[in-house]
Every structure is written in C-alpha cells, then in structure tokens.
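The values are calculated or read from the model by the stated rules, or taken from the named source; none is laboratory data. Everything numeric in this text was worked out from a predicted model, so none of it was measured. Cβ sites come from the backbone with ideal geometry, for glycine too, and all protein chains shown count toward neighbours. Keep in mind that these areas ignore ligands, DNA and RNA; they rest on the heavy atoms of the full protein, side chains included. Shrake-Rupley method; radii C 1.70, N 1.55, O 1.52, S 1.80 Å.
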Amino acid sequence: MKKSILILLFTLSLLPLLAQTDFDIASFADTLKYNWDTPATRYAYRENLEFKKKLLTKYEDERLAVPLNMGKSMLLPGWGHFHTKNYLRGQILLSSEIILAGSTFFLYDKAMDKYDQYKKATQIDQMDQFYQDANESYKQASLTTALFVLVWAYNVYDTYLVTNQYNDKLWIDNIQKEVDRKITVSPTGINIKF
C-alpha cells in the first residue's frame, strides 16, 4: 500500500515537467485577433461582456429548475404551474385531480358497500342485483382512477413545457428590461438614454 502511494506521489511530482514550457506571450496578447483595433473597441467589448455577465447572473438567479418544478407537480398537481404564474392551468389541473380522486373514492366506497350487501344477501335476485351494482361501481372507480393517472401524467409533462416557456420568457424580459433602462450608473459615470 505504501509503495503504491509513493509511486503515485512520484508520478504526480513529475507532471510539471511535462507541462508546456514555451508560452508565446505575443500571440496571447495580440488584440488584433479579437478585432480590437483601438482602446475604444476594447472598452466596448468589455462593457458588452459585463452586460452579458450581468444578464446571465440575473437569469440564473431567477430561472426555475425544470426537474424541481416537475417534482412539485408530481407531489401536488398544478403546483409547478402556479410557480410559473400559469394560475388558470394550475387551478384547472388541481381541481380536476381533486374531482377525479373524490369520484374514485366515492365510487370505490359505493362498490364495497354493494359488495357487502351482496355477501349478506340471501335471495338470488338480490344477490344478482347487488353484485351487478358493485361490479358497475367498481368499473366506474377503475375508470376514474385511470383518468386520474392520465391527468396527473399530463400535468407533469405540461409542467415541463410551461417551465421551459417561463425560462425563455424570463431571459427575453431581462434583456428587454436592461435595454429599456433610461439611466445606468457605471464606474465611468452616469448614462442617460432619451
């Protein structure tokens, strides 16, 4: 074990010998390859770079993570839509899931009641009727369960789409806000646009 550690350390200590030794500072510092003919163009490029970095930082702070938003919608349908300010879609999905879940529980409970009556029945006519009623309610409960799962899956998929749309709109809005700003303060002074 000690031998392998010593060999690893020795190998790592030799890595600087393999590094590039002839660094061409002239080609690195050549401003013409960036089309910086004058100090003004360099300054304009720097301002543009700072502008883009500021926009990107603001966007990264405000954007929504798609997997996190989808996870929210998996837990509570419509939550991801509310987070992206799509309130109507969120309300529709949440209310439809509540209605479908309530219907499923109601119909399943009804089916179990009819099944209990079927087991307690003593006459064949009643047994047939209770069994048919229980079977019908159970089929309806199964249908509402399938619809519940289908709406839930659509909710998660739609959250993916809506979150991406929200992030795209956020990027465009941030650019527009920065471009439309009338007064900007920078280290070189105050700029006013008319």
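Evaluation of GLY78 against the conditions (1) in contact with a Lys or Arg (Cβ under 8 Å, 6 or more places away or on another chain); (2) on the phi < 0 side of the Ramachandran plot shows that the sole unmet condition is (2). Pairing each residue of region 154-166 that is in contact (Cβ under 8 Å) with a residue 60 or more places away in the chain and farther than 14 Å from GLU97 by Cα with any residue that is open to solvent by 60 Å² or more (accessible area, probe 1.4 Å) and of a type in the set (Lys, Arg), provided the two are 6+ apart or on different chains, yields C-beta distances under 8 Å for ASP158/ARG89; VAL162/ARG89; TYR166/LYS85.
To keep it simple, each residue is scored yes or no on (1) farther than 30 Å from ARG181 by Cα; (2) at pLDDT below 80.
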residue	(1), (2)
LEU14	yes, yes
THR21	yes, yes
ALA29	yes, yes
TYR34	no, yes
TYR45	no, no
ASN48	no, no
LYS54	no, no
ASP61	no, no
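Of the candidates LYS85, LYS119, the single residue that is of a type in the set (Lys, Arg), at positive phi and open to solvent by 90 Å² or more (accessible area, probe 1.4 Å) is LYS85. For region 155-194, a tally of residues being exposed (fewer than 12 other Cβ atoms within 10 Å of the Cβ), at pLDDT 90 or above and of a type in the set (Asp, Glu) returns 1.
Residue under question is PHE148, and the condition is that it be part of a helix (DSSP H, G or I) and within 16 Å of ILE99 (Cα to Cα); does it hold? Yes: the conditions hold for PHE148.
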